[in-house]
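This report refers to the structure that appears directly beneath it.
The values are calculated or read from the model by the stated rules, or taken from the named source; none is laboratory data. Computed from a predicted model, the values in this text were never measured in an experiment. Note: ideal-geometry Cβ built from the backbone for every residue, glycine included; neighbour counts use all protein chains shown.
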Amino acid sequence: MTPAVELRGLGKRFADQVAVDEVSLAIAPGEFFSLLGASGCGKTTTLRMIAGFESPSAGQVLLAGDDITARPAHLRPVGMVFQHYALFPHLSVFENIGFALRLRRTPNAEVARRVGQALDMVRLPGLEHRRPGQLSGGQQQRVALARALVSRPAVVLLDEPLGALDLKLRKAMQIELKTLQREVGITFVYVTHDQEEALTMSDRIAVMDHGKVVQMADPRTIYERPASRFVADFIGVSNFLPGRLRTAGGDVQIELSGGQLVRGGAVQDLPDGREVTVAVRPERMRLIATGSAGSAGPGWNEVAGVVRNVVYTGSDTQYFVELGTGGTVMVRVPNDAAAEQRIGAAAADRVRVVWEPSASAVLKD
Amino acid sequence: MTRVSRRGWLLPSYYWALLALLYLPILVLLVFAFNDGTILAFPLRGFTLRWFTELFATEALMRSLRNSVVVAAGSSLVATTLATCGAIAVMRFEFRGKGLFLSVALLPLYVPFVVLGVALLLFLSTVGLPRSLWTIAAAHTVVGFPYALLILVARLVGFDRHLEEAAMNLGATYWQTLRRVVLPLIAPAIFAGWLTAFTVSFDEFAVANMVVGREPTLPVYLYSQLRMTARLPRVIAMATLIMAITLAIFFTLLWLHRLMARPPAATSPVRP
């Protein structure tokens, strides 16, 4: 199948600074694709090159197989939702949404019908005659979305569209946006610096750093199998344990700095004895108080340590444990009744930190 | 305590002195415009509207008024059109010599008008161009341009670039974007720039007096009339009228300024 959007070796250089460096990716039709990264990583510049607001220094942009690299912005069939919406303040909601249709001299009745449809789509009927200045942030966001959708583009580009909303509304809009995208079946290319947002909504995520795509995969893989220390650190919280690779047969073992061996998930093409980092998510680790009858599952990794700090955060409790092998890890335990009965560890208690081998991602750096 | 009491009389006296200096002469003007006598001295000799009626009957004066309006309207229109193009070019495009363009464009603000007038006079006589209302209008275009440019540049500095990108994303060409988004949004600034250029031209004397031909503008005419005592009250009546019109323009500008400064979100309260 021809990708809805394809970037081939796309690069952008500003003066002596490289903003986007050799980005190649293919986005399938109907996919919700996110470009995720910290500010300045090149994600917005990449999006702007797809929209035609920046001309690439290298590479190509293809839309449904057509090379549109040299095509001016106004001739590209892509919709865009801007970070601060960029609604035309002098036009009503109706005229904002109908802007693209008016430019094409669409008959009035047709404009009214399609604007009405678009407003229904974003669940905002009845506000046609307001000015953007009279709407709340969430409403403006919906108008911006309706404006981008009204001419039924093959691809909609979204530049941190939820960034200006408050947390609660943002969470609600995430679900709504994803539902809407699935309903209309349009390809979404979504730029965000919010990793949780990307995980919640995306079919696939490209994590960017210094203008390069450092990992591209579905949210689960990105979270559970980060390709590098940067990704593991940027997406969620990770515990990092430095060690040395000891492959014995099909078994992946890592010798931690104290000499203790732990087992890791699959690892490709790394020589025996190479220095690696084991990354484990805090919620994948468990605590067992030393001397208690509790035991880990068969084959689980086990490292002894001392609880240094206990932080109650409402939905869960965070235990900061100083390991015998050196370093401190955070273990996150959900505050359900079973867990409370099981652990009950306090500061200075000796504990065993245990986790499944498949929960440890072995990283090269 | 001393500081408080000192400030207690210093500030009001400063304020009243300022008001007196500013408005007493204007008040005198106002009083004599309605005084029934040609000698400008106290005691007053009774109220009259004679000067105003004579004013409208003096053909030369009415002609100069018409000249001024025509020159101001024409020159401000050209100046504002050029300033709009210039401001958009400066704010939106990268080109060589941009800094130089701005400095040269704003130069008329810094050159004394008398110097500018003499220079223009020399230039006109050198190239052999006859002096007329056209030459005044051309001079006033140069003088009014920087005012309009500054007002428009200030508006475009606060202009959200993404609005233009949004329009293009929706299929608008550059010209369509300009016509449907940029120009409507900077219209108040264009109008304010035009009004300012108009006012500057309307009461400009120094340059006009140098490049004037056979047809005078109002300030030039008024000045020529000051020598004749009998006509003085009419000049004063005219000045009073101009004062009233200028005030009206000033308040219009003030209102426009508020209109532009007000963020669109505040136009009306958000209903839940």
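For residues in the range B:151-162 being surrounded by fewer than 21 Cβ atoms within 10 Å (Cβ to Cβ) and of a type outside the set (K, R), which is nearest to the other protein chains (Cβ to nearest Cβ)?
For the range B:151-162, the residue satisfying everything is B:H162.
Being touching a Gly at 6+ places or on another chain (Cβ under 9 Å) and part of a helix (DSSP H, G or I) is the filter here; which residues of the range B:44-74 pass it?
First, pick out the residues of the range B:44-74 that are touching a Gly at 6+ places or on another chain (Cβ under 9 Å): B:44-46, B:48, B:72.
If the condition is that a residue be touching a Gly at 6+ places or on another chain (Cβ under 9 Å) and part of a helix (DSSP H, G or I), then B:A72 is the only one that fits.
So that you can scan it fast, the table gives a plain yes or no per residue for (1) at pLDDT below 90; (2) more than 25 Å from the chain's Cα centre (by Cα):
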| residue | (1), (2) |
| --- | --- |
| B:R45 | yes, yes |
| B:T48 | yes, yes |
| B:F56 | yes, no |
| B:V78 | no, no |
| B:F101 | yes, no |
| B:V142 | no, no |
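Conditions: (1) in contact (Cβ under 8 Å) with a residue 60 or more places away in the chain; (2) among the hydroxyl-bearing types (S, T, Y); (3) loosely packed, with under 15 Cβ neighbours inside 10 Å. A:T221 meets all but one. Number of the miss?
(1)
What single numbered condition from (1) in contact with a Ser or Thr (Cβ under 8 Å, 6 or more places away or on another chain); (2) at pLDDT below 90 fails to hold for A:V184?
Checking A:V184 against (1) in contact with a Ser or Thr (Cβ under 8 Å, 6 or more places away or on another chain); (2) at pLDDT below 90, the one that fails is (1).
If you go through the range B:130-139 one residue at a time, do you hit one that is modelled with pLDDT under 90 and either within 14 Å of chain A (Cβ to nearest Cβ) or more than 26 Å from B:I242 (Cα to Cα) (or both)?
yes
Since A:V143 meets every condition but one in (1) under 22 Å from the mean Cα position of the chain (by Cα); (2) away from every other protein chain (no Cβ under 11 Å), which condition does it not meet?
(1)
Residue pairs, Cβ under 7 Å, 6 or more apart or interchain, first in the range A:47-76 and within 14 Å of another protein chain (Cβ to nearest Cβ), second polar (S, T, N, Q). List them.
A:A51/B:N169; A:E54/A:T45; A:A73/B:N169; A:H74/B:T173
Residues of the range A:146-169 being in contact (Cβ under 8 Å) with a residue 60 or more places away in the chain and more than 10 Å from every other protein chain (Cβ to nearest Cβ), which ones?
Within the range A:146-169, A:L149, A:A154, A:V155, A:V156, A:L158, A:E160, A:P161, A:G163, A:A164 qualify.
Does the range A:99-108 contain at least one residue that is within 13 Å of another protein chain (Cβ to nearest Cβ), of a type in the set (V, I, T) and more than 25 Å from A:A172 (Cα to Cα)?
Yes; the residues of the range A:99-108 include at least one that is within 13 Å of another protein chain (Cβ to nearest Cβ), of a type in the set (V, I, T) and more than 25 Å from A:A172 (Cα to Cα).
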